[in-house]
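Structure first, then comments.
Every read-out reported here was derived from the displayed coordinates using simple, explicitly stated rules and does not represent laboratory data. From a predicted model like this one, the values you see are computed outputs, not experimental measurements. Every residue, glycine as well, gets a Cβ built from its backbone with ideal geometry; the counts of neighbours run over all protein chains shown.
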Amino acid sequence: MKNYKLVPMDKSHIKEIAQIEKECFSEPWSEASFEEELYNPLCSIIVAQRPDGAVLGYAGLHAIMDEGYIDNIAVRKDYRGQGIADDLLGAFIRFGQANLAFLTLEVRPSNEPAIQLYYKHGFVQVGRRKDYYQHPREDAIIMTLEFERENENGTETAE
């Protein structure tokens, strides 16, 4: 049984999200950056929150027109392997199926658990960005999930 629910980020979550960000990423976003995103109509950040209010993980998405860009998915180290990242990604995929042509993201080649999660959900590798990450220096794998859309004839097509 899950001991958390997915909720939209609000101001009360920012301090814990920034802590998780520092724990998970070599170039973390600041609290101020997350606060700015609260007022960005193109951004959605969802939080996995325990009943006591503790933040276990979060995920961020920017939707521009019919394109979705997943910024980050991060889970506290002591809560990994419990399906939290899977649930966060699943929420964005459900949103994408209803509203977007595709979702895309970048991931470090060394982040095998994340790559496997994305493959599990149907993402495919579509490219590479040379030296995208700086600390440590590493390429980025670009992964994308395209959604089927019905055209005027009632047949499904990939956008």
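Working from label points 7 Å from Cα in the Cα-to-Cβ sense, the Phe25 to Arg137 distance is 2.2 nm.
To make sure I understand, if each residue's beta carbon is the centre and we count other beta carbons within 10 Å, what order do Leu6, Leu145, Leu103 fall in, fewest to most?
Values: Leu6 17, Leu145 22, Leu103 26.
Ascending number of Cβ neighbours within 10 Å: Leu6, Leu145, Leu103.
In percent, what relative contact order does the chain have, based on Cα pairs under 8 Å that are 6 or more apart in sequence? Each step should come with its number before you reach the end.
Working: 275 pairs, mean separation 26.0, N = 159.
Relative contact order of the chain: 16 percent.
Rounded to the nearest 500, the helix-only mean residue ellipticity at 222 nm of the chain stands at -8500 deg cm²/dmol, with each DSSP H run of n ≥ 4 adding -39,500 (n - 2.57). Put in order of Cβ neighbour count within 10 Å, fewest first, the listed residues His62, His13 become His62, His13. Note on Ala98 and Lys15: their simple-model spin labels are 3.3 nm apart, each label 7 Å out from Cα toward Cβ. The candidate values were (i) 10, 38, 38, 12, 3, 0; (ii) 10, 28, 21, 15, 12, 9, 5, 1; (iii) 11, 39, 33, 15, 2; the one computed from these coordinates for P(r) over Cα pairs in 10 Å bins from 0, in percent carries the label (i).
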